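Peer 1: If you scroll down you'll find the structure; I have some questions about it.
Taken together, the values in this text are just the output of simple stated rules run on the coordinates, not laboratory data. Note that the structure is a prediction, hence the values are computed from the model and not measured. Here Cβ is always computed from backbone atoms with ideal geometry, including for glycine, and neighbour counts include all displayed protein chains.
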Amino acid sequence: MKKLIAAAAALALFAVSAHAQLGIVAGLTSNSSDLKTAYSDVVESQSVTQYHAGLVLRLKLPLGLYVQPGLVYDMKGAKLQDQIAGLSGETFEVDIDTKTGFLNIPVQAGWKLDIPGISPYVFLEPYLGYAITTETKTEAKNKLLQDALELAFGDNLNTNPDDEDKWDGRNRLQYGVGIGAGILLLDRLGVSLKWYWDFGSLYNEDGQSSVSAQAMYEQAKNNKANGIALTATLFF
């Protein structure tokens, strides 16, 4: 009986291994939900400040279906411009540039149309993330205003990875979902484009879990995507 169980386990492991592919992923992330703006962010500015990279494992299922869990470092950010009213009624412009690095666990579920040499596919990708790095740069157009604001707050407006209080008032856990499509060449090189929604905190104000399929659907339906991600995947 033990030999039979061991043989069955070995056979199951072989079957899974035979239908699994380890891959590395890397790509660019934009906090714009518009393709033209996202393209401009990278090409015209000629700078890459948001990116992602990691490992994935694609498990092939019958009928062209697959499941692909992964572990991905994702650097996200936002550039904001605000106006602050001065004591005499004038307004001053302030630029805020925030970058936060998340360690994400995405679980992509998709369907692939098997065509020799080239296979298009579509997917849904829920993910869970934890922020591990953050940095904020605040710059006022007027240097005197910058000094006045820092004096009023009693601290430097900028934060860096070494600041002990950089996470004050922030929830480092987040979850979300991505929807996209791609092309797999020779069953080895994949290129995909997805829109993603960050749903924020895992828990509501009462400390109860806020994660549910219904809640994710309602938020995705009622809100624009938070950004676009272009990803290249190399399978072994």
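Peer 1: What pairs in LYS99/LYS194; LYS36/LYS112; LYS137/LYS194; LYS76/LYS137 have C-alpha atoms more than 25 Å from each other? Could you put the intermediate results ahead of the total?
Peer 2: Values: LYS99/LYS194 20 Å; LYS36/LYS112 27 Å; LYS137/LYS194 28 Å; LYS76/LYS137 14 Å.
From the list (LYS99/LYS194; LYS36/LYS112; LYS137/LYS194; LYS76/LYS137), the Cα-Cα distance tops 25 Å for LYS36/LYS112; LYS137/LYS194.
Peer 1: Now for a separate question. Fewest Cβ neighbours within 10 Å first, please rank SER30, SER40 accordingly.
Peer 2: Values: SER30 22, SER40 13.
The fewest-first ordering by Cβ neighbours comes to SER40, SER30.
Peer 1: A follow-up question, please. Please report TRP197, TRP111 as a ranked list, fewest other C-beta atoms within 10 angstrom at the top and most at the bottom. Present the calculation step by step, with values, prior to reporting the outcome.
Peer 2: Working: TRP197 20, TRP111 14.
The fewest-first ordering by Cβ neighbours comes to TRP111, TRP197.
Peer 1: If the label point is 7 Å along Cα→Cβ of LEU57, which residues in the range 22-38 have backbone nitrogen under 13 Å from it?
Peer 2: Counting only backbone N, you get 22-23.
Peer 1: Quick one: TYR73, TYR196, TYR121, fewest Cβ neighbours within 10 Å first, how do they rank?
Peer 2: Values: TYR73 15, TYR196 23, TYR121 19.
Ordered by Cβ neighbours within 10 Å, fewest first: TYR73, TYR121, TYR196.
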